[in-house]
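The structure under discussion appears below in the form of C-alpha cells.
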Amino acid sequence: MTSDLLPSRFRCAVLAALYALLLFYSSVAIGPNVFQYTPADPWNQWMRFIGVILAGYVQNGSDQRADWMGNLVALVPLGFLLAMAMRVNRPLLLRAMMGGLALFLCLIYVLVVKYFQLWFPRTVTLNYITAQSLGVILGVGAVVFGLGTMDRALRRLERPDSEALLVLAILASILVVTFTLSPYDIALSPGDLKERLETLSQSLFGLPNGDRATWLRLVLFVAGGLLYAPVGVATWLIARREGWRSDLAALFPLQAGLVLAVWCVSLLILSAQPTIWTLFSRTAGCLIGTLVIRSVTLDRLARMRPMLGWLVLWPLYVLALMAVNDLFITHWRSWDQAWDAIDERFFWPLWTHYIVSKAQATRSFAVHVVMYAPIGVMLWAKARESGYGAGRIGLGRQIAAMMIGFWLSLAVEIGRWFHPDLKPDFNNAAIAAAAAWGALVLMPHAWAILRNLARENAVQ
C-alpha cells in the first residue's frame, strides 16, 4: 500500500518534461543579451564538443565553485522526477534497473543541452558536465534507495497528528540548513582557508546585509533566527515521542549544539556571511519554536483563526510589504525616467534569475514565497468552517488567492521600478500567485494537525 500523496507516474513524467524544458530554456536560450544565437555548422560544433570532453577538467578558481555546486543542485530534481516517473515499488533489482534507465536518459539530456550551448555564449566544460551528471545521480539515487522511506514519510503526513507535524518539522529543518549553507562553495585549499579567515576577521562581529538600511538589517537578522524555529519543533516532538525530558532546560544544549554545528560548517562556506550573533538568534529561534508548539491549545487556536481573518490585517500586510521592499520614499522617478531606466531584458522570463548566482536566485525565490504565502493563510481563515475546522476551499477562493498574489506582487515590482535605487523583477508575480495558492490549499491539513496536537497537549 502506497501513500495517496505519492504523485502518479504520469504526473511525475509531466513534471519532469516541464522541468527539462525550463532547464533548457534557462541554460541555453537565456544569456547576457537574452537570445544571442551564433550560426555554426553542426558537425564542427560536434567536433568542438568532443574536444571539450577530451580536453579534460579546467582549473577554475574558488570563485567558480558556487556556480559548479549550483549546476549540480539544479539537476537533482530532474533525476528525481524522471526516476519517480519510471519507478517500481519492488523488487529492488527491477527498481535499480529502471533507475539506471532514468539515469541514462538524464545523462543524454545533459550532453544534449551542453551541445546546444555551443551556439550560445555559455560556458561548456567537462567540469560542468560532471557537476550536472552528479546531480542527476543524486536525484535518481534518492528514488532507487529512498522510495520506501519516502512512502512511509508521506503516509505519516496523511495523518493529521503529531507524527505528520514531526515529518514536516524535520523536512523544514533540512531545508533551513541547506538554505543556510548554500551555495555550498566550501573552502578546500590553504589559499581558500587563508582568504576565508581574513574575511571572517572583518565580518564575524557585524550584522549581515551591510548594504541595507539599519532597521531592515535588524528585521532580516530576527527573521534569520526565526527560520530555525522548525528545529525547536522537531527536537521537542522527538523528545516527547521517545520519552526524554522535553522542557527547555533539557532541550537547550541539544538545540544550541545543532546550531553551533551548522554555524561551524558555514565558516568554511566562501559565500556565507556567518556572524557570532547568528548563534544567539538561531538558538533563540529554536527555543521560540519549542515554546510556541508546547503552548498550542484548542482555546488559543479557536481565537487565532478569527484573528487571521480580520480585515485590518490586509492593510497592515500591504504596509509591511512596502516596508520590506523599501517603498516608503518621497522622491520617485518620473514616467520618462522610469522608462529610460528599465532594461527590456527584465521582461523576459527568468532573465533576472540568470544574471545573479544560482544561490541568489534560490534565496530570492524562497523569500518571495514567504512574503506572499500570508495571502493564502488570510483567505483560508475567512473560509466557512466544516468538519474539523479545516475550512472549505472552493475554486473561486483559489483563483482569488492567485489573482491577489499576482497583482499585489506586480504592484510592488512597479513600485520598485519607479524607485530611484531599485530594480524590478516581474517574474516574482508568478511566484507570488503560486505561493498564495499553495498556502491556501495546504492550510486545512495544517490546521487539522494543530487541532490534534492541541488535544495531545491537553492529555499530557
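The values are calculated or read from the model by the stated rules, or taken from the named source; none is laboratory data. For clarity, every value in this text was computed on a predicted model and none was experimentally measured. Heads up, the Cβs are rebuilt from the backbone with ideal geometry, glycines too, and the neighbour counts pull from every protein chain shown.
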Residue match in region 50-67 (condition: touching a Leu at 6+ places or on another chain (Cβ under 6 Å), exposed (fewer than 14 other Cβ atoms within 10 Å of the Cβ) and of a type in the set (Phe, Trp, Tyr)): yes
Exclusive hit being more than 22 Å from the chain's Cα centre (by Cα) and not hydrophobic (A, V, I, L, M, F, W, C), set His331, His368, His353: His331
Residue within region 413-422 that is modelled with pLDDT of 90 or more, assigned by TED's automatic domain parsing to the domain that holds Ile342, small (Gly, Ala, Ser) and closer than 20 Å to Phe328 by Cα present: yes
Close pairs (6 angstrom Cβ cut-off, 6 or more residues apart or separate chains): in contact (Cβ under 8 Å) with a residue 12 or more places away in the chain in region 70-95, outside any helix (DSSP H, G or I) and crowded, with 19+ Cβ neighbours inside 10 Å anywhere: Gly70/Pro183
Some residue of region 152-168 being at pLDDT 90 or above, in a helix (DSSP H, G or I) and in contact with a Phe, Trp or Tyr (Cβ under 9 Å, 6 or more places away or on another chain): no
Contacts under 6 angstrom Cβ, first residue in region 10-31 being assigned by TED's automatic domain parsing to the domain that holds Lys114 and in a helix (DSSP H, G or I), partner surrounded by fewer than 18 Cβ atoms within 10 Å (Cβ to Cβ) and among the aliphatic types (A, V, I, L, M), 6 or more apart: Ser26/Leu350
Near pairs, Cβ below 7 angstrom, 6+ apart or cross-chain, from region 331-349 (assigned to a helix (DSSP H, G or I)) to any residue that is not charged (D, E, K, R): Ala338/Trp417; Ala338/Phe418; Arg345/Val34; Arg345/Trp351; Phe346/Thr352; Phe346/Pro424; Phe346/Phe426; Phe347/Phe426
Which listed residue is in contact with a Leu (Cβ under 7 Å, 6 or more places away or on another chain) and not small (Gly, Ala, Ser), from Leu118, Leu154, Leu126, Leu147: Leu154
Which listed residue, of Asp185, Asp151, Asp192, Asp247, is assigned by TED's automatic domain parsing to the domain that holds Ala96 and acidic (Asp, Glu): Asp151
